[in-house]
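Chemist: Could you have a look at this structure, given as structure tokens, before my questions?
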Amino acid sequence: MAGKKGEHVIVEVCGHELRVSSPSKPFFPELGITKLDLVNYYLQCDSAVVRHLRERPTVMKRWVDGVQGEPFFQKRVPESAPDWIETATVTFPSGRSARELVPNDAAHLVWGVNLGVIDWNPWPVRRGDLDHPDELRVDLDPGPGVPFAEVREVTLGVHEVLKEHGLRGFPKTSGSRGMHVYVRIEPEHGFTEVRRAALALARAVERKMPGRATSRWWKEEREGVFIDYNQNARDRTVASAYSVRAVPDARVSCPLQWDEVADVDPAELRLDTVPARLRERGDPSADIDEQPGTLASLLELAARDEREGLGDAPWPPHFRKQKNEPPRVQPSRARGTGKEEA
């Protein structure tokens, strides 16, 4: 079912009048949630949402037919965008560049949702310094059949390792099957070094929790929860805090206090519940920008791993082969078994 042809509403926000077309279009049909409902969610949570997007180039993942349609990524802001839309020009590993959206206020959120954006996928850098991330991202991805209880346990293991290295993590549900932990850092290292620190972190958690946490890139070698260090490579993005995710029950990637992690049920954190939670409890990540840490200790750990024979790990396939990177071939294929990746 689509919205009525020609139907629209005008939303006044941040001094701008924005036209929201087809406001009654179902974006989450099973729940009866419309495009306008999604607009209203982001307006209710705008300060907390923008806190995690401000000054960050952001990829637009557009679901023009709602969650039952097929999304596409739009990295370039269209030339037809209003002149008040803020942007930043980023460079990809391929050497190509794009003028991406920088969602600095609620008007940008409404404009994006009108184009079909459901969740927000920002870079871990600010517009003023596009080559030095100020955020290390820990993405916890459970393998098939791994219960969410194990994801919670590994998230708490990440918390312990971060504390051992003088860093403060900010946990949140992914809004899907996993968890995220964000670490605000001083923007003093490039993407390669931040990824190197993330790999050292993943390996440290793996040593602490063998069989439950893994840093193994190849799916056939993984056990338990994969800590995706490659989410810190250039041009990789993760759904931001308070993003609604494109899943049938409209879950939200919701920040938590650490004492909530052990018992959190992501199914309770949805578009219809998070605004009230935010009003009543505040944002657990409200002070994330106030306490940037340094990666010195994790980079020392990385150097120790390398001295002991643990070199680099595989990069995503669209990156050029890196110095000291192991062969990009599935271990089973390298052994000649021909087994397909899981």
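The values are calculated or read from the model by the stated rules, or taken from the named source; none is laboratory data. As the structure is a prediction and not an experimental result, all values here were calculated from the model. Don't worry about glycine lacking a Cβ; one is built from the backbone with ideal geometry, like all the others, and counts go over all protein chains shown. The protein model used for the area step is the full one, side chains on, heavy atoms only, and it has no ligands, DNA or RNA in it. Shrake-Rupley method; radii C 1.70, N 1.55, O 1.52, S 1.80 Å.
Chemist: To the nearest 20 debye, what charge dipole does region 182-248 have about its Cα centre, counting +1 at the Cβ of each Lys and Arg and -1 at the Cβ of each Asp and Glu?
Modeler: Numbers: 13 positive and 9 negative charges, 33 e Å.
Approximately 160 debye in magnitude.
Chemist: Excluding ligands, DNA and RNA, what is the solvent-accessible area per residue of the chain at a probe of 1.4 Å, expressed in Å²?
Modeler: On the way: 15120 Å² over 342 residues.
Ligands and nucleic acids excluded, the figure is 44 Å² per residue.
Chemist: Something else: Which angle from 0 to 90°, rounded to the nearest 10, does the C-alpha axis of helix 148-164 make with the longest principal axis of the chain?
Modeler: It works out to around 70 degrees.
Chemist: Evaluate the charge dipole of the chain about its Cα centre and quote only its size in Debye, nearest 20, assuming +1 on the Cβ of each Lys and Arg and -1 on the Cβ of each Asp and Glu.
Modeler: On the way: 49 positive and 54 negative charges, 219 e Å.
Roughly 1060 debye, rounded to the nearest 20.
Chemist: Right, something else. At what distance in angstrom do the alpha carbon centres of region 208-244 and region 72-119 lie from each other?
Modeler: Region 208-244 and region 72-119 have Cα centres separated by 26 Å.
Chemist: May I pose another question? Using a ≥ b ≥ c from the Cα gyration tensor of region 185-265 (square roots of the eigenvalues), is it rounded, prolate or oblate, where a/c under 1.5 gives rounded and otherwise the larger of a/b and b/c decides, a/b for prolate?
Modeler: On the way: a/c = 1.59, a/b = 1.19, b/c = 1.33.
Oblate shape, in that a/c is at least 1.5 and b/c is the bigger or equal ratio.
Chemist: As an exercise, use a Förster radius of 25 Å and the Cβ-Cβ distance of Lys208 and Gln257 to find the FRET efficiency, rounded to the nearest 0.05. Numbers along the way, then the final one.
Modeler: On the way: r = 22 Å, r/R0 = 0.88.
With R0 = 25 Å, the Cβ-Cβ based efficiency is 0.70.
Chemist: While we're looking at this one, here's another question. In the chain, carbon and sulfur make up what percent of the accessible area (probe 1.4 Å)? Kindly include the intermediate steps, with their values, before the conclusion.
Modeler: Values: 7100 of 15120 Å².
That share works out to 47 percent.
Chemist: Residue farthest toward the positive end of the dipole of region 130-245, with Cβ of Lys/Arg at +1 and Asp/Glu at -1: which of Gly145, Met209, Ser240?
Modeler: Gly145
Chemist: What length, rounded to one decimal in nm, is gained on full extension from Glu306 through to Thr294, with 0.36 nm per residue of separation minus their alpha-carbon distance?
Modeler: On the way: separation 12, 0.36 × 12 = 4.32 nm, distance 2.00 nm.
Additional length available on full extension: 2.3 nm.
Chemist: Of the GluC sites (Glu not before Pro) in region 26-80, which ones lie in a loop per DSSP and count no more than 13 other C-beta atoms within 10 Å?
Modeler: Working: sites: Glu30, Glu55, Glu79; in loops: Glu30, Glu55, Glu79.
The qualifying sites are Glu30, Glu79.
Chemist: Please give the peptides 294-303, 90-99 ranked by average Cβ packing (other Cβ atoms within 10 Å per residue), highest first, as a rough proxy for protection. Can you show the working numbers first?
Modeler: Details: 294-303: 18.5, 90-99: 13.2.
Packing proxy ranking, top to bottom: 294-303, 90-99.
Chemist: Looking at region 170-326 only, what percent of DSSP beta bridges run antiparallel? Nearest 5 please.
Modeler: Percent antiparallel among DSSP bridges in region 170-326 is about 70.
Chemist: Which FRET efficiency value, to the nearest 0.05, is calculated for Asp287 and Arg96 with the Förster distance at 51 angstrom and r the Cβ-Cβ distance?
Modeler: The value I calculate is 0.90.
Chemist: Which links in Lys61/Lys172; Lys35/Lys219; Lys61/Lys208 stretch past 30 Å when you go from one Cα to the other?
Modeler: Numbers: Lys61/Lys172 20 Å; Lys35/Lys219 36 Å; Lys61/Lys208 36 Å.
Cα-Cα > 30 Å for Lys35/Lys219; Lys61/Lys208; rest within.
Chemist: Also: Compute the length gained on full extension between Lys321 and Arg19: take 0.36 nm times their separation in residues and subtract their Cα-Cα distance, giving the result in nm to one decimal.
Modeler: On the way: separation 302, 0.36 × 302 = 108.72 nm, distance 4.57 nm.
Contour length minus Cα-Cα distance gives 104.1 nm.
Chemist: With r defined as the distance between the Cβ atoms of Phe73 and Arg279 and R0 fixed at 25 Å, what FRET efficiency is calculated, to the nearest 0.05? Please list the in-between numbers first.
Modeler: On the way: r = 32 Å, r/R0 = 1.29.
Between Phe73 and Arg279 the formula returns 0.15.
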